[in-house]
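A.B. asks: Below you will find the structure I want to go over with you.
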Amino acid sequence: MYFTYLRRELSGRTKQTVIVAAGLAIAIALVIIVNALTAGVRDAQTQALESVYGVGTDLTVAGAQQEPGEGDGARFEFGEGGGATADDGTTTLAQSQLRTEMGRSTLDATTVDTISGIDGVSSASGALSLTNSTFSGELPEIPAEGATGEAPADGAPQGGGGFGGGSFDVDSFTVLGVDPAAQSVGPLSSVTVSEGRALETDDAGQNVAVVDATYSTTNDLTVGGTVDVGGAAMEIVGIVTSSTSSTDTASNVYIPLDVAQSLADVGDVVSTVYVQAATADGIAAVQEEIETALPDTTVSSQSDLASTVSGSLSSATSLVTNLGTWLSILVLAVAVVLAVLFTISGVSRRTREFGTLKAIGWSNGRVIRQVAGESMVQGLFGGAIGLAIGLGGILAINVIAPTISSAPTTTSEAGRDGGPGGGGPGFASVAQTVSDITLTAPLTPWVLVAAVGLAVSAGLVAGAFGGWRAARLSPAEALRSVA
Amino acid sequence: MTMTEPHIDAPNEPTTPLYRLADVSKTYTQKKRVVKPLVGVDLEIARGDFVTIQGPTGGGKSTLLQLLGALDRPTSGRLTLGDTDLAAASNAALGSARAREIGFVFQGFNLIPTLTASENVDMGLEPLGLADAERRARVAEALAHVGLADRADHRPGELSGGQQQRVAIARAIAKRPRVLLADEPTGNLDESMRDEILDLLQALNDGGLTLIVVTHDSAVARRASRRLRLEKGTIRDITR
Ligand SMILES: Nc1ncnc2c1ncn2[C@@H]1O[C@H](COP(=O)(O)OP(=O)(O)O)[C@@H](O)[C@H]1O
Ligand SMILES: [Mg+2]
């Protein structure tokens, strides 16, 4: 009889049932979608970071920021061998130059060993990030200054321009020197070899390179071919893609660390050390120890890195986590209040009904159970509908799969160096890649549990209020109120 | 058609009254205003009697019926139903008396509009904790008793006023109470329906069920074996 009565009451009072259930449904759908989106943007952030710093990298150690002007300026020095002057006086120039990141000092290679020796560090690997800039073009005969041309290397990326009747191109790409023997941590830990092979221990000292898939496509590079790095031809042994996302990998070209060091003529240095802690709990302690041992370095954890992610990904993150969370809390609160008010007014309207039931012997508890049961079922209805809408929304997001861009801004400070088009590849370290990440809304089982839980508790809250109201009805007064 | 059996009272005390009221008063205090609908009522009601209570509006008839119906306690005085002291009983004991011993019929029928006739009758059995089969049998029996076996699946809205009141009576008697209390049971009915209800009540009384009926209607009172008049909170026997 309990369920017959319950069913009849709910179907007999459709309007109230629909309003309460719809309110809860909207709220719960919002909670589900916002939750999934939050997880989605977090995944996207992780992806963005992993493509740059590699999977399993807990900490990165980089050199200290340099004051502007401390680093040597970027300039091409065209010496005697820099170009060939034709008979008509036009000088044809082509020079490739390999430079370390500006605005940040490099670390001595011994730093890697120092870090490896710290308690709680499971592995550490150094990488040298470089930018290869190729200047090529023609200069007309310049009577006064003749042989020395000066062009800003930090000009517009891949840009070109006219120059006093001549023409030139500056072509830049990023090069990462990695330890071919240690790739379990670092940028190459998050790549998949799509063609050829990865760098191997034997590659140390060899002029070989692995190339990012996107870069290889746009520049017609294939395995077996060569790519010019710092004036030396590197044999391409493999093509890699990001294994964690659809994004580009951390760098355009990867070469053995020792080769990179000698080509760039920087000595035995690295720009970043990638550190994996032995345990997740130990990360903070390891970070502190490294900071103590190497006071001149910048040590960043994943969460430090996460805060450096900018672009529409970061807007999406704050939109979802702030607005989304508040909106779903607000709507949920409104829905619960609505459910409570409707239940109370429903009980008031049914004063005579409950008075009658008490008069014919129903206990208070039995009446309360009936009222609470009705609210609960309404809540469950709302929960079920909300779940359906929420899952539909998640499905829609995953089908549409909007792309958002992410630009980790670890080197944004370098932009203060000014220069035309500052912030271009000339400045960037490994993190220069602006990548498009597909936003997904992953569904976690606990969200489903939470949605049902929310629905049930909203029903319980409404039922508690309604039941309390019904319990206070004295049967005599209940009957008198309408008689 | 078998009679829905009322409680069989113990044969060794056949003359014990069903209700005993001694100096029963009821006072309502509402916003400093004190209303005394019942003042020192002394009354005994015998088993198997058919009693009507008449009197002017506001005379305290409903108040008295609510005390008899264990819906409320008197402010002072003693009130027993059989062996149960309704003046001193706990809420649970009052609830149990309502569930088992007392059938209540209202002027406005007070059926639940979303439930069918048989489901409405079933509501009266809910507190008894009977087995399903027993419940179904009692519901069918009570509906048959009021002549509505063929209307078991109708909602109140699909029934006439007289039929609705008959469903309400079926709901009241399905539990096999000691007494049936009715507050203006024909107040909302036209004459033919009124007679239909009166015939039914008469038949129930003939079957041994004690009836206490509050009414304005002298046609109802004429059927009673005992007529009471309640005026200004005091009761008078006007049977003659
Ligand atoms: N719960 C209550 N609170 C205050 N006054 C009440 C209450 N119930 C009844 N009364 C008053 O008691 C008097 C008797 O009412 P009632 O028993 O309903 O009379 P009747 O049924 O004879 O018309 C009326 O004046 C009524 O206003
Ligand atoms: Mg009255």
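The values are calculated or read from the model by the stated rules, or taken from the named source; none is laboratory data. Small disclaimer: the values here were computed from a predicted structure and weren't measured. Here the Cβ positions follow ideal geometry from the backbone for every residue, glycine too, while neighbour counts run over all protein chains shown. Ligands, DNA and RNA are excluded from the accessible area calculation, which covers all protein heavy atoms including side chains. Shrake-Rupley method; radii C 1.70, N 1.55, O 1.52, S 1.80 Å.
A.B. asks: Looking at the range B:110-145, which residues lose a minimum of 50 Å² of accessible area between their chain alone and all protein chains in place, measuring with a 1.4 Å probe and not counting ligands or nucleic acids?
C.D. replies: Hits at the 50 Å² cut-off: B:N110, B:I112, B:T114, B:E119, B:M123, B:E126.
A.B. asks: Count the net charge of all other residues whose Cβ sits under 13 Å from the Cβ of B:M193, scoring Lys and Arg as +1 and Asp and Glu as -1.
C.D. replies: That sum, taken over residues with Cβ under 13 Å, equals -4.
A.B. asks: Please give me, ordered by residue number, the trypsin sites (Lys or Arg not before Pro) of the range A:442-483 that lie in loop per DSSP and have at most 15 other Cβ atoms within 10 Å.
C.D. replies: In loop regions of the range A:442-483 (DSSP not H, G, I, E or B), the sparsely surrounded trypsin sites (Lys or Arg not before Pro) are A:R472.
A.B. asks: Check which residues have an amide H placed less than 5 Å from A:R104's amide H, if you skip close sequence neighbours.
C.D. replies: Amide H to amide H, under 5 Å and 5 or more residues apart or across chains, A:R104 pairs with A:Q66.
A.B. asks: Using only protein heavy atoms and a 1.4 Å probe, how much accessible area in total is buried between A and B, to the nearest 100 Å²?
C.D. replies: 2000 Å²
A.B. asks: Within the accessible area of the range B:18-237, what % is carbon and sulfur when the probe is 1.4 Å and the other protein chains stay in place?
C.D. replies: On the range B:18-237, the fraction of accessible area on carbon and sulfur atoms equals 44 percent.
A.B. asks: Give me, ordered by chain and number, the residues 5 or more places off A:D228 or on other chains with an amide H under 5 Å from its own placed amide H.
C.D. replies: A:M234
A.B. asks: Would you be so kind as to list the residues of the range A:354-388 that have their accessible area lowered by at least 10 Å² in the full protein complex compared with their chain by itself (1.4 Å probe)?
C.D. replies: Residues losing area: A:T356, A:L357, A:K358, A:A359, A:I360, A:G361, A:W362, A:R366.
A.B. asks: Can you give the accessible area per residue of the range B:18-237, in Å², using a 1.4 Å probe?
C.D. replies: 39 Å²
A.B. asks: So, one more: Would you jot down the residues in the range A:457-480 that end up with at least 20 Å² less accessible area in the complete protein assembly than in the chain alone, with a 1.4 Å probe?
C.D. replies: With the partner chains in place, the range A:457-480 has these residues losing at least 20 Å²: A:P475, A:A476, A:L479, A:R480.
A.B. asks: Pop a pseudo-label 7 angstrom from the Cα along the beta-carbon direction at both B:A149 and A:D202 and give the gap in nm to one decimal.
C.D. replies: Rounded to a tenth, the inter-label distance reads 10.0 nm.
A.B. asks: Moving on to the next point. Taking the 0 to 90 degree range and rounding to the nearest ten, how far is the long axis of helix B:191-206 tilted relative to the main principal axis of chain B, both from C-alpha atoms?
C.D. replies: The helix B:191-206 is inclined about 80 degrees to chain B.
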